[in-house]
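Following: one structure in structure tokens, then a few remarks.
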Amino acid sequence: MGHMRKNTISRLKSELNTNSKVVIIGHKNPDGDALGSTLGLSLFLEQFGIATQVVMPNGFPDFLKWLPGINTVLCYDTDKSECEKKLLDSDFVFTLDFNHLDRIGSGLGEFLTKLDKSFVMIDHHQEPSDYAEFMLVDTHIASTCELVYEFITTEYSEQKLTAEVASCLYTGIMTDTGSFRFPSTTSKTHRIIADLIDAGAKNSQIHQDIYDNNAESRLHLLGKALQNLKVLKGFSTAYTYLSQEDLNTHGFKKGDTEGFVNYALSLKGIKFAVIFIENKAEEIIKISLRSIGDFDVNTFARSHFNGGGHKNAAGGKSDLDLKSTLAEFENMLTTYKEKLS
Ligand code: 5GP
Ligand code: MN
């Protein structure tokens, strides 16, 4: 599945008007792209009188709490009835930065499955499902924020991009491209970024807010993850893990483990890196997978860990305990020996 710009996305503009009520949803455990794209689109549409409400399945990490408009976000896990009211009262439900209703948690997912509204999908993940009437989907694009930029600048070229909208979109492009270094980064990405800076995105401040805001405890948690690192040279693979106890003893907060898997991937000669993070409350091991080059972690995550994502960055989960999950992972690598060497 490459890209799909259903003609209908341009029809959407003629159906959206100042009486429209729009709910905009991002995926569970929202990252910079999920929050940046939903808030950017929301602030943009609000400018000319379209009523919007951003809904997230659950809360967000501290390093994203400065985003413009963040205080207006409703979380389904703490504000279920208000979220459902907004959804029932809406005309359009935009779903951004995910493409399956199982990415937003079972409660909200089931509610949306039964909800009879016009759905819009703007997304860049592999293998979209078909719940949306309007789709702007391109799996070659690095971030959903770039697709939101494309949508608003082509459909609403008469509207100005405000500094707040620009900062939101800048954030998602920056985080999903690994600060403009992943292969998905193109000259077009940089042209969009240039335009966003011209529109007032505070680029240097955004880097600081997101990457230079560490609590001391987070660096110690990183230290623990680095201690747990295991390198499997024969498979060009490195993985690490954090147990619930590791998280507890280092005052874990949402978002603290973001980017840890990249340290494993930064090892010379490593093509495949994974972090396993125990979550006792949800009784799962949350897994982040990354690769360099041809090894397809989207397929790997789909086949073994009930997950998905992109070729070089994917996620999933395991219902086994941590020790068994790690053992099983090492075991399954044997069938990939050829692909990894
Ligand atoms: P991360 O490892 O940073 O959580 O996620 C990497 C990529 O995989 C992101 O694009 C994210 O949306 C996707 N992803 C993460 N977890 C899951 C999952 O459980 N299922 C699916 N389908 N995608 C996931
Ligand atoms: Mn994304």
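Can you find a residue in region 116-131 that is in contact with a Leu (Cβ under 7 Å, 6 or more places away or on another chain), open to solvent by 10 Å² or more (accessible area, probe 1.4 Å), away from ligand 1 (no atom under 16 Å from the Cβ) and assigned by TED's automatic domain parsing to the domain that holds Thr162?
no
Which one is modelled with the lowest pLDDT, of the residues in region 243-262 that are under 16 Å from the mean Cα position of the chain (by Cα) and among the charged types (D, E, K, R)?
Looking at residues that are under 16 Å from the mean Cα position of the chain (by Cα) and among the charged types (D, E, K, R), I get Lys254.
Identify, from the list Leu222, Leu242, the residue that is touching a residue at least 24 places away in the same chain (Cβ under 8 Å) and over 30 Å from Ile193 (Cβ atoms).
Criteria check complete, one pass: Leu242.
Considering region 69-89 alone, what residues qualify as being outside any helix (DSSP H, G or I) and open to solvent by 80 Å² or more (accessible area, probe 1.4 Å)?
Asp77, Thr78, Asp89
Only one residue in Lys271, Lys311, Lys339, Lys317 is open to solvent by 30 Å² or more (accessible area, probe 1.4 Å), within 22 Å of Leu221 (Cα to Cα) and either of a type outside the set (Ser, Thr, Tyr) or not assigned by TED's automatic domain parsing to the domain that holds Leu96 (or both). Which one?
Testing whether each residue is open to solvent by 30 Å² or more (accessible area, probe 1.4 Å), within 22 Å of Leu221 (Cα to Cα) and either of a type outside the set (Ser, Thr, Tyr) or not assigned by TED's automatic domain parsing to the domain that holds Leu96 (or both) leaves just Lys317.
Please go through region 98-136 and give me each residue that is of a type in the set (Val, Ile, Thr) and touching a strand residue (DSSP E or B) at 6+ places or on another chain (Cβ under 6 Å), ordered by number.
Of everything in region 98-136, those that are of a type in the set (Val, Ile, Thr) and touching a strand residue (DSSP E or B) at 6+ places or on another chain (Cβ under 6 Å) turn out to be Val120, Ile122.
For the condition open to solvent by less than 30 Å² (accessible area, probe 1.4 Å) and over 13 Å from Val261 (Cβ atoms), what is the one hit in Leu289, Leu322?
Leu322
Output the residues belonging to region 111-137 that are part of a strand (DSSP E or B) and of a type in the set (S, T, N, Q).
Within region 111-137, Ser118 is the sole residue that qualifies.
Quick one: in region 29-68, of everything that is in a loop (DSSP other than H, G, I, E, B) and over 17 Å from the mean Cα position of the chain (by Cα), which residue is surrounded by the fewest Cβ atoms within 10 Å (Cβ to Cβ)?
That would be Gly49.
Is it the case, given these coordinates, that Ser10 is away from ligand 2 (no atom under 16 Å from the Cβ), open to solvent by 40 Å² or more (accessible area, probe 1.4 Å) and without any contact (Cβ under 8 Å) to a residue 12 or more places away in the chain?
No, not satisfied.
Evaluate region 69-85: report whether one residue or more is within 16 Å of ligand 1 (Cβ to nearest atom) and among the small types (Gly, Ala, Ser).
no
For region 138-150: of the residues being surrounded by fewer than 24 Cβ atoms within 10 Å (Cβ to Cβ) and either among the β-branched types (Val, Ile, Thr) or part of a helix (DSSP H, G or I) (or both), which is nearest to ligand 2 (Cβ to nearest atom)?
Only one residue tops the list, namely Ile141.
From the residues in region 140-151 that are within 11 Å of ligand 1 (Cβ to nearest atom) and touching a residue at least 60 places away in the same chain (Cβ under 8 Å), which one is farthest from Asp176 (Cα to Cα)?
Thr144
For Arg103, work out the one condition from (1) surrounded by fewer than 19 Cβ atoms within 10 Å (Cβ to Cβ); (2) within 16 Å of ligand 2 (Cβ to nearest atom) it doesn't fulfil.
(1)
Among (1) without any contact (Cβ under 8 Å) to a residue 60 or more places away in the chain; (2) part of a helix (DSSP H, G or I), which single condition is Leu108 missing?
Going through the list (1) without any contact (Cβ under 8 Å) to a residue 60 or more places away in the chain; (2) part of a helix (DSSP H, G or I), Leu108 breaks only (1).
The values are calculated or read from the model by the stated rules, or taken from the named source; none is laboratory data. All figures in this text were calculated on a predicted structure; none of them were measured in a lab. Every residue, glycine as well, gets a Cβ built from its backbone with ideal geometry; the counts of neighbours run over all protein chains shown. Note: accessible area is taken over every heavy atom of the protein model, side chains too, but ligands, DNA and RNA are not part of it. Shrake-Rupley method; radii C 1.70, N 1.55, O 1.52, S 1.80 Å.
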